[in-house]
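Here the structure comes first, spelled out in C-alpha cells, and everything after it is commentary.
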Amino acid sequence: MSSITPDQPRRPSGARAGGRPPGRAGGARVPAPRRPEQPGRSRAPLPVAAGVAAAGAAVTSYLPVAVVLGLAQFTEDAGSVVGALRAGLAGWLLGHGVPLGTTAGPIGLVPLALSVFACWRLSRAGVHASRAVGARGGRSPRQAATVAVAVGIGYALFGVLAALLVDSTGLRVSPVRSGLTLLLFGTVAALVGAARTTGAAGLLAERAPAVLRDGVRTGLVAALLLLGAGAVAAGLAVATGGGDAADLIGAYRTGVAGQAGITLVSLAYAPNATVWSTAYLLGPGFAVGTGTAIRLSEVSVGSLPAVPLLAGLPSGPVDGLGAALLAVPVLAGMTAGWLLGRRLLRPDPDDRAGPDWPALLGPAALAGPVVGLVVGLAAVASGGSLGGGRLAEIGPVPWQVAAVATAVVAVGALLGAAAAKVLDRPSSARPPARPRSPVTRPRPAADRPGPAEDRSRTGRDRPRSAGDRPPRPVVD
C-alpha cells in the first residue's frame, strides 16, 4: 500500500529532498582558500629543502646548454664530450650574467633565452622549497624571504663550483664574481615563487593602495605590448633577410649537427633582438659595435661578424610611411590606458557614480615609470660585449630607452584612459542597483494546504461559467 496521501503529494522522480535539482549541491561552488600547512605534518629542514631545490634548478638549466653548445662545436674532426661539458658550464654562467675572459677579450653578451629559462626553474625551486618547509599559505613575507635566500645560497655554491671547473688558461672566470652574481640571481628568482606559494604576494597586494595596484598592472600590460611589438618587428626583419641568414649558417662548414647548434645559439639571443628592436621603435636605437648606431633616422655600421641574427639589420634610415613606426609605442600606451578605463568604468550595482578623474588618470600616469623601469632593466640585460675592439659595446643605452619609454607610454596611457572615460555612458544611464528580494522562510508542513484542499479552494474562488451552473428546477 502506498504511503502517499492527499496531504503528501508525490515527489518528482528526479528531485531530491530540499527542492534542489539533481547534480547541484545547493548553489554555486566557491573555491576554498588555500589552507596553511597543518602543524603536525612532517617538514624538511630548510638547508636540505633549499639545497635539493637549487640543485634541481641548476641541473635542469645546465643540460640544455651543454647539448646546444656540444652541437655547435661538433664537426667531423673536432669536438669532444669533455669540451662540450666545459663549454656548457661556461655558457650556463654567461646566461646568469657572469662575464667570461677570453684571449679575444671579455664576453658579456648574455643570452636572455637562457636567463628566462633559469629564472623559471629557480621560481619553481622557490615553490618546492616553500612547500617542503611547511610555509605554504602562511602569508608571511619573512618566510618567503628566508626560503629565497636559502635557495640563492645553494645556487651560488653551484656557481662557484662551475667557475672553478671552467677556469683555465684560455678561459678565465672569477669564482667570487660567479658566486655573488648567482646569489643575487637565485634569490630574486626564487623569491617570486616563494612569495606566491606562501601568500605573501597577495598580502602585499592587498595592503598596497588601489592607485598603485592599478598603475603597476597597467604598466606591465603596456610593457608586454611594447615588447611584443618589438618581437614582431624583429621577426619580420629576420624573415625578410632569411636568405642571408641561411648563407651565413652554411658558411660555417660544420655539418648538419654543427649548423643546428649554431641556429639554436642564435635563437638563444632572440630575446636580445626583441629588446633591441623595441629600442629601435622607441627612437634611441642600439649599437652593434663601437661608433655604430641603428635608429629610425640613422644607420651607421661597419663590418659585422658572421652571425645569423644580424642578417635582419636595416640597411638605411626609414622615410615616408616608415616614420609611422614611431607611433607604435604611443599606441601600446593608449591600448593599456583604454583597458584600464574599461576595467575601472565597468558598471557596478553598488556604485552608480563610477570612478572620478583622479582615480582614473593616476594609475595611467603611473604606468609610464613602470614601463620605463621594465624596459630599462631589459636594455641593461640585453647589452654586453663580444670581445675587445669594435664589438666591446653592443646593445641600447639603458637610460635613454627608459626615459623615452616613460614619457611616451605615460602620454599614451593618459590619452587612452581619458578616451575611455569620455566615451563611456554617463552615470545617469547606468543600470540602477537591483533590489534584493526579501528572504522568506518556508511555511511548516502542517500549515501548507494539501492538494485536495488546494483544489477545493481553487474551485470555490473561481467564477463559474454558464456551462458549469446546475440546471434550475422546472415548476409545473
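Read the figures in this text as sums done on the coordinates, not as results from a lab. What you are looking at is a predicted structure, and each value in this text was computed from that prediction instead of being measured. Methodologically, a virtual Cβ is constructed for each residue, glycine included, from the backbone with ideal geometry; neighbour enumeration extends over all protein chains shown.
For Phe286, Phe158, the sequence from fewest to most other C-beta atoms within 10 Å is Phe158, Phe286. Ordering Leu122, Leu226, Leu184 from the fewest to the most neighbouring beta carbons within 10 Å gives Leu184, Leu226, Leu122. Sorted ascending by nearby beta carbons within 10 Å, beginning with the fewest, Trp357, Trp120 become Trp357, Trp120.
Here r is the Cβ-Cβ distance between Leu236 and Leu161 and R0 is 45 Å; the resulting FRET efficiency, rounded to 0.05, is 0.60.
Per the Kirkwood formula on distinct C-alpha pairs, the Rh of the range 42-207 is how many angstrom?
Working: mean 1/r = 0.0610 Å⁻¹.
16.4 Å is the Kirkwood radius here.
So what is the relative contact order for the range 42-207, in percent, with contacts set as C-alpha pairs under 8 Å and at least six apart? It would help to have the intermediate numbers written out before the result.
Details: 287 pairs, mean separation 49.4, N = 166.
With pairs under 8 Å counted, the relative contact order is 30 percent.
A Förster distance of 41 Å, applied to the separation of the beta-carbon atoms of Val81 and Val176, puts the FRET efficiency at 0.90.
Backbone N atoms of the range 155-196 closer than 11 Å to the 7 Å Cα→Cβ label point of Ala205 belong to residues 196. Projected label points at Leu220 and Val330, each 7 Å from Cα along the beta carbon direction, are separated by 2.9 nanometres. The spacing between the range 271-295 and the range 168-223, judged by their C-alpha centroids, is 26 Å.
How far, in nm, would the chain grow between Val116 and Ala359 when pulled straight, counting 0.36 nm per residue and subtracting the alpha carbon separation? Present the calculation step by step, with values, prior to reporting the outcome.
Details: separation 243, 0.36 × 243 = 87.48 nm, distance 3.48 nm.
Length gained, Val116 through Ala359: 84.0 nm.
Can you figure out the FRET efficiency of Arg346 with Leu377, using R₀ = 30 Å and their beta-carbon distance, to the nearest 0.05?
Values: r = 32 Å, r/R0 = 1.07.
According to the calculation, E is roughly 0.40.
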